[in-house]
Amino acid sequence: MEQSFIMIKPDGVQRGLVGEIISRFEKKGFSLRGLKLMSVDRAFAENHYSDLAGKPFFNGLIEYIISGPVVAMIWEGKNVVATGRKIIGATKPVDSDVGTIRGDFAIDVGRNIIHGSDSVESARKEIALWFPEGPVYWQSSLHSWIYE
Ligand code: GTP
Ligand code: MG
């Protein structure tokens, strides 16, 4: 089934939002396939955000991502990439709907708490980068209560 790479950024970790964020993905019905607390170096962060190299905010973004530990996760479920982006909310918190993670907890675009893959193809690349060991497979006993 479809997988997405979700990362709680250093501000989300420092602000004690790890449990709240995991809870939102769990309650939706998605399945956790990978989870680790990590500190990444500059080269790793630049690789993750290589699509944005050259943007005026790129250096600030890299400084932000390497400023403290992050929580890297793989979540799985039907349409998890698109739905994960909805749960997270728009990039700029001023545009994020209330009820989304960024809409509820963030103010500045440069401190927007969480990353989610923007396509199935990006998810595949990001999971390979962050989880070279691969996902952990298991089946929730709730599966038939979540999927028809
Ligand atoms: P991610 O899930 O983190 O990839 O965010 P996104 O897909 O919603 O946005 P995008 O990939 O375009 O940008 C990646 C990250 O760069 C954003 O989440 C922000 O943290 C940061 N960013 C994007 N645009 C701006 C900007 O205009 N100014 C600043 N300071 N940061 C930005
Ligand atoms: Mg993005």
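The values are calculated or read from the model by the stated rules, or taken from the named source; none is laboratory data. All values reported here derive from a predicted model rather than from experimental measurement. We place every Cβ from the backbone using ideal geometry, glycine too, and count neighbours over all the protein chains shown. Just the protein is used for accessible areas: all its heavy atoms, side chains included, with ligands, DNA and RNA removed. Shrake-Rupley method; radii C 1.70, N 1.55, O 1.52, S 1.80 Å.
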Checklist entry - Can you pull the Rg over Rh of the chain, Cα-only, Kirkwood? => result 0.95
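How big is the charge dipole of the chain about its Cα centre, in debye rounded to the nearest 20, if each Lys and Arg gets +1 on its Cβ and each Asp and Glu gets -1 on its Cβ? Write out the running numbers ahead of the final one.
Working: 17 positive and 18 negative charges, 30 e Å.
Magnitude of the dipole: close to 140 debye.
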Next on the checklist: Quick check: the distance between the Cα centres of segment 28-42 and segment 44-104, to the nearest angstrom?
Outcome noted: 13 Å
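Restricting to the chain, compute how many DSSP beta bridges are antiparallel as a %, nearest 5. All intermediate terms of the calculation are to be shown ahead of the outcome.
Numbers: 16 of 17 bridges.
In the chain, approximately 95 percent of DSSP beta bridges are antiparallel ones.
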Next on the checklist: Which aspartates and glutamates, if any, have their Cα less than 16 Å from the Cα of K92, not counting same-chain residues under 8 positions apart?
Outcome noted: D11, D104, D108, D118
Checklist outcome for this item: Expected vector for segment 16-21, Karplus 3J(HN,Hα) from phi with 6.51, -1.76, 1.60 and θ = phi - 60°, integer Hz, x for Gly and Pro, equals x, 9, 4, x, 4, 5
Item to check | Dipole of segment 5-107, positive direction: furthest Cα of A72, F30, P10, with charges on the beta-carbon | outcome: F30
Checklist outcome for this item: Once the in-chain neighbours fewer than 8 apart are removed, the lysines whose Cα is under 18 Å from K27 read K78, K86
Checklist outcome for this item: Taking only the alpha carbons of segment 54-119, the radius of gyration and the largest Cα-Cα distance, Dmax, both in angstrom, are 12.6, 35
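Accessible area per residue, 1.4 Å probe, Å², for the chain: what's the number? Mind showing how you got there, number by number?
Working: 8170 Å² over 148 residues.
Per-residue accessible area for the chain comes out at 55 Å².
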Item to check | MRE, 222 nm, helices only [DSSP H, n ≥ 4, -39500 (n - 2.57), over the chain, to nearest 500] | outcome: -10500 deg cm²/dmol
Checklist entry - Mind checking which aspartates and glutamates have their C-alpha under 20 Å from K125, skipping anything on the same chain fewer than 8 residues away? => result E2, D41, E46, D51, E76, E133
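Leaving out ligands, DNA and RNA, and with a 1.4 Å probe, what % of the accessible surface on the chain is carbon or sulfur? Working shown, then result.
Details: 4370 of 8170 Å².
Within the chain, the accessible surface is 53 percent carbon and sulfur.
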